[in-house]
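Colleague: Sending over a structure as structure tokens; questions will come in a sec.
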Amino acid sequence: MEDSLSIRLEPSDAESLPLGRLLQLAERRLLEGKVLDRASRSKLYGGRWRRLDVRPERVRDLAQLQALPYTDANHWLAAQGSGSIARFVAERARLWVSSRSNARKWVPIGEADLRRMMGLALRLSAMIGLGPSERILAITEPAPRIGNCVPYFWVMADMVAGGLHLEMIPGSVTMLGRNNWPEFAAGRRPQVLWGHIDDVQALADTLCAAGKDPAALYPDLRVLLCFGAPLEPKRVDLHRLFGTNPISCYLSAELPYLQAECAPGAGIHLWLDVTIPEIIPTSELCKEREVPGYVPKALFITDAPDGVAGEYVVTTFGQSLPLIRYRSGDRIQLVSKGTCACGRTHPRVQVLGRITDGSSMQLMIRMDP
């Protein structure tokens with residue numbers, strides 16, 4: 001039985017396992033963890049799967065997983081809004097967070113999910129090369145967004161198992177101009193700035209409007225970690241403003257797994273030991289728009305050719321709410337499946353933006369290589 005303060009750490013070699021071994025690990029976790037069985041207990045899947053005669057117990061490998069139907073935000077909102085929210089949860093939740101969008105999706109997070117998130121926070125510390133006693137200025141989002149919680153999970157994870165003695169300095173965009181947290185943080189000389197890209201930009205704009213140079217105010221800053229939107233085309237401006245090259249981090253309420261670039265511009269590593277990622281290529285998305293009733297085909301990220309772009313589809317091993325072939329609405333491009341210069345073997349992607357409407361689809365078509 002796990003200690004109440006234990007953290008779900010991955011095997012020590014999980015960063016550099018061969019791609020085939022990582023896939024075997026994902027498949028084993030999917031089956032041995034009874035992920036599909038747990039998902040079927042949530043009304044996000046249960047009723048629809050029964051109507052479609054989906055039998056989770058028949059799935060014996062990753063290939064059979066791809067025969068299951070997609071889930072998307074519309075399914076989520078419909079299940080969330082029909083009847084008791086308690087039936088939305090597969091297993092007991094310890095925390096609820098919400099998406100950033102106006103049509104809020106409420107996300108239950110269980111005890112095992114919290115442990116895994118804390119383990120991934122330690123992984124993030126290693127990925128961005130944090131050293132002992134370094135200080136992090138974290139621009140937190142308002143509750144109940146996931147960006148409100150992560151800094152506290154991060155420092156708690158370090159207290160329990162990280163051993164770096166990190167110091168977290170939280171601030172909020174809602175308090176800009178009403179509280180001196182940017183100046184207080186400057187006195188602590190942070191080495192890391194973490195936040196939603198819009199909030200990081202808002203901090204820079206506020207400081208510049210007050211005649212202050214962000215790079216001069218935070219002279220020790222060496223890591224600028226941004227989530228919530230693609231860094232391009234803001235990467236160059238943020239570099240100029242803060243004096244350090246930004247690093248992209250992938251974080252969403254629905255997928256509260258910290259994933260980041262190992263180095264500026266190298267691509268975000270998708271952790272194959274905690275997710276099963278797929279991609280629906282642009283050509284399939286276009287056919288879906290043009291042909292009524294057409295169901296687009298997805299490729300496992302490990303089967304897709306380098307350079308392909310499309311919609312990010314993900315299966316997670318969540319406790320309170322596993323996601324099965326969830327269409328994220330995020331557009332990604334596969335950078336490489338090869339071993340990275342950092343030694344990590346997990347595929348790397350760039351997040352290109354949201355797939356939201358016809359105009360973004362047309363832009364997506366023009367941008368594809």
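The values are calculated or read from the model by the stated rules, or taken from the named source; none is laboratory data. Computed from a predicted model, the values in this text were never measured in an experiment. For neighbour counting, all protein chains shown are included, and Cβ atoms are generated from backbone atoms with ideal geometry for every residue, glycine included.
Colleague: Residue by residue through the range 263-305, note down the ones that are farther than 24 Å from F227 by Cβ, surrounded by fewer than 16 Cβ atoms within 10 Å (Cβ to Cβ) and not basic (K, R).
Modeller: S283, E290, V291, P292, G293, Y294, V295, D303, P305
Colleague: Could you pull out the residue among R48, R38, R21 that is in contact (Cβ under 8 Å) with a residue 60 or more places away in the chain and either outside any loop (DSSP other than H, G, I, E, B) or in contact with a helix residue (DSSP H, G or I) (Cβ under 8 Å, 6 or more places away or on another chain) (or both)?
Modeller: R38
Colleague: Is at least one residue of the range 237-245 within 22 Å of the chain's Cα centre (by Cα), in a helix (DSSP H, G or I) and in the same structural domain as E134 (by TED's automatic domain parsing)? I'd like the intermediate steps shown before the answer.
Modeller: The initial filter retains those residues of the range 237-245 that are within 22 Å of the chain's Cα centre (by Cα), namely 238, 245.
Checking which are in a helix (DSSP H, G or I) leaves us with 238.
So of that shortlist, the ones also in the same structural domain as E134 (by TED's automatic domain parsing) come out as 238.
Yes, the range 237-245 has at least one match.
Colleague: Moving on to the next point. Mind checking which pairs have a first residue in the range 160-174 that is not assigned by TED's automatic domain parsing to the domain that holds P142 and a second that is crowded, with 19+ Cβ neighbours inside 10 Å, Cβ under 8 Å, 6 or more apart or different chains?
Modeller: Pairs that qualify, where the first residue is not assigned by TED's automatic domain parsing to the domain that holds P142 and the partner is crowded, with 19+ Cβ neighbours inside 10 Å: there are none.
Colleague: Among (1) touching a Ser or Thr at 6+ places or on another chain (Cβ under 6 Å); (2) assigned to a strand (DSSP E or B); (3) touching a residue at least 40 places away in the same chain (Cβ under 8 Å), where does A253 come up short?
Modeller: Every listed condition holds for A253 apart from (2).
Colleague: Report yes if D61 is touching a helix residue (DSSP H, G or I) at 6+ places or on another chain (Cβ under 7 Å) and charged (D, E, K, R), otherwise no.
Modeller: Here the answer is yes, as D61 does meet what is asked.
Colleague: Further question on the same structure: Please specify each residue of the range 280-333 satisfying the condition of being closer than 30 Å to M117 by Cα, among the basic types (K, R) and not in a loop (DSSP other than H, G, I, E, B).
Modeller: Across the range 280-333, the qualifying residues are R327, R331.
Colleague: Looking only at the range 212-236, how many residues end up being among the small types (G, A, S) and part of a loop (DSSP other than H, G, I, E, B)?
Modeller: 2
Colleague: Still on this structure, I have one more. Looking at this structure, is G131 closer than 22 Å to E261 by Cα and in contact with a Leu (Cβ under 6 Å, 6 or more places away or on another chain)?
Modeller: Against the criterion (closer than 22 Å to E261 by Cα and in contact with a Leu (Cβ under 6 Å, 6 or more places away or on another chain)), G131 does not qualify.
Colleague: Follow-up. Going through I197, I247 one at a time, which residue ends up being within 23 Å of R331 (Cα to Cα) and touching an Asp or Glu at 6+ places or on another chain (Cβ under 7 Å)? Talk me through it step by step, then tell me what you get.
Modeller: Numbers: I197 fails: touching an Asp or Glu at 6+ places or on another chain (Cβ under 7 Å).
None of the other options fit; the residue is I247.
Colleague: When the range 262-279 is examined, which residues are found to be over 22 Å from A202 (Cβ atoms) and either touching a Cys at 6+ places or on another chain (Cβ under 8 Å) or in a loop (DSSP other than H, G, I, E, B) (or both)?
Modeller: Result: C262, A263, G265, A266, G267, I268, H269, L270, W271, L272, D273, V274.
Colleague: Would you pick out the residues in the range 131-147 that are under 19 Å from L95 (Cβ atoms) and either at pLDDT 95 or above or aromatic (F, W, Y) (or both)?
Modeller: A138, T140
Matching residues to (1) touching a strand residue (DSSP E or B) at 6+ places or on another chain (Cβ under 7 Å); (2) closer than 26 Å to A126 by Cβ; (3) at pLDDT below 95; (4) not hydroxyl-bearing (S, T, Y):
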position: I280; (1), (2), (3), (4): yes, no, no, yes
position: S283; (1), (2), (3), (4): no, no, no, no
position: A304; (1), (2), (3), (4): yes, no, no, yes
position: A309; (1), (2), (3), (4): yes, no, no, yes
position: Y312; (1), (2), (3), (4): yes, yes, no, no
position: R327; (1), (2), (3), (4): yes, no, no, yes
position: L334; (1), (2), (3), (4): yes, yes, no, yes
position: I355; (1), (2), (3), (4): yes, no, yes, yes
position: Q362; (1), (2), (3), (4): no, no, yes, yes
